[in-house]
1. Please list, in order along the stretch 33-41, the HN-Hα scalar couplings obtained from phi with the Karplus expression 6.51 cos²θ - 1.76 cosθ + 1.60 (θ = phi - 60°), rounded to whole Hz, x for Gly and Pro.
2. Mind giving me the nanometre distance, one decimal, between the label points for His48 and Ile35, set 7 Å out from Cα along Cα→Cβ?
3. Per 0.36 nm of contour for each residue apart, how much would the distance between Leu24 and Leu8 grow if the chain were fully extended, relative to their Cα-Cα spacing?
4. Ile40: net charge of surrounding residues, Cβ under 13 Å, Lys/Arg +1, Asp/Glu -1, itself excluded?
5. What is the mean projected area of the alpha carbon convex hull for the chain, to one decimal in square nanometres?
6. Report, in deg cm²/dmol and to the nearest 500, the calculated mean residue ellipticity at 222 nm for the chain, where each DSSP H run with n ≥ 4 adds -39500 (n - 2.57) and the sum is divided by the residue count.
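Please treat every number below as a calculation from the coordinates, not as lab data. Since this is a predicted model, take the numbers as computed values, not measurements. With ideal geometry, Cβ positions are generated from the backbone for all residues, glycine too; neighbour counts draw on all protein chains shown.
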Amino acid sequence: MHLHLNPLLIEPAATLLLGILILLIPRFLRYFVAIYLIVIGVLGLMRHL
């Protein structure tokens, strides 16, 4: 079986996961937001390269 990750599915999945984690562990909000922004920025740059 071949697993193909669609970049369009990564962003909503990451958003959902981060939202759940922020609800469970609110003090780590800044780390989750920073990681999310870095990942979205890298994916955005990769689309243009």
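1. Per-residue couplings from phi come out as 5, 4, 5, 4, 5, 5, 5, 5, x Hz.
2. My value for the distance between the label points is 2.6 nm.
3. Length gained between Leu24 and Leu8: 3.2 nm.
4. Net of charged neighbours comes to 0.
5. Result: 4.3 nm².
6. Computed ellipticity for the chain at 222 nm equals -26500 deg cm²/dmol.
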